[in-house]
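The values are calculated or read from the model by the stated rules, or taken from the named source; none is laboratory data. For clarity, every value in this text was computed on a predicted model and none was experimentally measured. Because the Cβ atoms are built from the backbone with ideal geometry, glycine has one as well, and the counts that use them run over all protein chains shown.
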Amino acid sequence: MGKKVVILPNWVGDFLMAFASLDPVMEKESLLLCGKKGFYELIRGKYKEEIWIEKEKGLAGALRTVRRLMKSPATTAVLLPNSFSSALIATLSGMSKVVGIPKDGRFFLLTRKVKVDESLHQAEIYRRILEEAGLSFEGGLTGRIYLSRNDRSWAEERLRELGWEDKRIAVIHPGASKPERCWPAERFGEIARRLEELNYKVAVVGSGKEAELGEKVAKSLSSESFYNLAKESVPLGKLSAFIEKAHIFVGNDSGPIHIAGACGLKVVGIYGPSLPEKTGPVMGEGGVFKGVSLRMDCSPCRERFFKECTPINGKPPCIWEITTEMVWEALKTLL
């Protein structure tokens, strides 16, 4: 009998929302996972690389992915993304069963069509798809992350270099996939200043292109209290190991907030076009999450900036009108 392969979403946060269901199932059933190469760094502390099939972007990358799937023992593909391309890849690779939600014009490519309640949290939607593929679950959702010893050792060494081994650490992520989704960096800076006054050390994380946002956050901080990890463009595993060492996390609705949640941190998330009850992180053991959102009638939206709303200083109103005090009040309950 062939194995099942789960085609994973393309975003870090969505991967972790799905992995909250996948991990307990993989302890009982042998599954293959097909996703971006870097995502494997989030689970390589537990799972061998043999379970991972790399999914690449672009036409040439898709063809390489098809070839990898054809060589695998999988005969059933479970599609977590709603894209046409994921269904096409599964079909071209010769899967006898293709399970997924009939969206994006791929109805005819699916052998099992899954209906879901779109109002559910995204992690619950992923679980529903997996259930329709024949996987069974017990209990609720818990965030999971399994980092390698090397990544954790790197984070420990970095904290020693900074002299932060015994310090309380706050991690801030001021970036997001789209700049319109980002709460103003200057307001993150005010949050950072208040945390410094409470003797927290503050680190900014993100991709290399978000390093400039980190410098804006740092303007009101002393150099001894601030570290801009975004400048270093470290791999996902090392980034996650550093976040894992923190006590508090504050950020936009983006990948790092899900990493922090899976690590069981105290987390404050800022949500504008999205809603925390729809895409908030699945929390690991001991974690606490506070979502700050205006919950406007138009949220969640399709993020077609700015065809459906009028910008304020380059931001949608749902982001711009979230004040520093709103975020600080949520944060204070976790300190």
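Taking region 1-64 as the region of interest, the strands (runs of 3 or more DSSP E) fully inside it that hold 3 or more residues being under 15 Å from SER86 (Cβ atoms), among the hydrophobic types (A, V, I, L, M, F, W, C) and in contact with a strand residue (DSSP E or B) (Cβ under 6 Å, 6 or more places away or on another chain) are 3-7, 31-35. Within region 76-84, is even one residue part of a helix (DSSP H, G or I), at pLDDT 95 or above and not small (Gly, Ala, Ser)? Within region 76-84, one or more residues are part of a helix (DSSP H, G or I), at pLDDT 95 or above and not small (Gly, Ala, Ser). A single entry from GLY261, GLY208 fulfils the requirement of being under 23 Å from PRO300 (Cα atoms) and not hydrophobic (A, V, I, L, M, F, W, C): GLY261. For region 2-22, a residue qualifies if it is more than 21 Å from MET95 (Cβ to Cβ) and either crowded, with 18+ Cβ neighbours inside 10 Å or free of Cβ contacts under 8 Å to residues at least 12 places away in the same chain (or both), and the qualifying residues are VAL12, GLY13, ASP14, LEU16, MET17, PHE19, ALA20. Quickly run through region 220-245 and pick out the residues that are in a helix (DSSP H, G or I) and either of a type outside the set (A, V, I, L, M) or within 22 Å of MET326 (Cα to Cα) (or both). Result: SER223, GLU224, SER225, LYS231, GLU232, GLY237, LYS238, SER240, PHE242, GLU244. In summary, ARG193 fulfils each of the numbered conditions (1) touching a helix residue (DSSP H, G or I) at 6+ places or on another chain (Cβ under 8 Å); (2) modelled with pLDDT of 95 or more; (3) in a helix (DSSP H, G or I); (4) among the charged types (D, E, K, R) with the single exception of condition (1). Selection of helices (runs of 4 or more DSSP H) fully inside region 246-335 by the criterion of at least 1 residues being closer than 19 Å to SER21 by Cα, in contact with a strand residue (DSSP E or B) (Cβ under 8 Å, 6 or more places away or on another chain) and in contact (Cβ under 8 Å) with a residue 24 or more places away in the chain returns 255-262, 276-279. When the criteria are applied in full, GLY143 fails the requirement of being within 19 Å of GLY38 (Cβ to Cβ), assigned by TED's automatic domain parsing to the domain that holds GLU285 and assigned to a loop (DSSP other than H, G, I, E, B).
Pairing residues of region 139-163 that are loosely packed, with under 14 Cβ neighbours inside 10 Å with residues that are part of a loop (DSSP other than H, G, I, E, B) and of a type in the set (Gly, Ala, Ser), at Cβ distances under 8 Å and at least 6 apart in sequence or on separate chains, gives ARG149/GLY45. Restricting attention to region 196-212, the residues that are within 16 Å of VAL327 (Cβ to Cβ) and in a helix (DSSP H, G or I) total 2. Of the residues that sit in region 91-105 and are assigned to a loop (DSSP other than H, G, I, E, B) and free of Cβ contacts under 8 Å to residues at least 24 places away in the same chain, which one is farthest from LEU79 (Cα to Cα)? So, considering only residues that are assigned to a loop (DSSP other than H, G, I, E, B) and free of Cβ contacts under 8 Å to residues at least 24 places away in the same chain, the one farthest from LEU79 (Cα to Cα) is GLY105.
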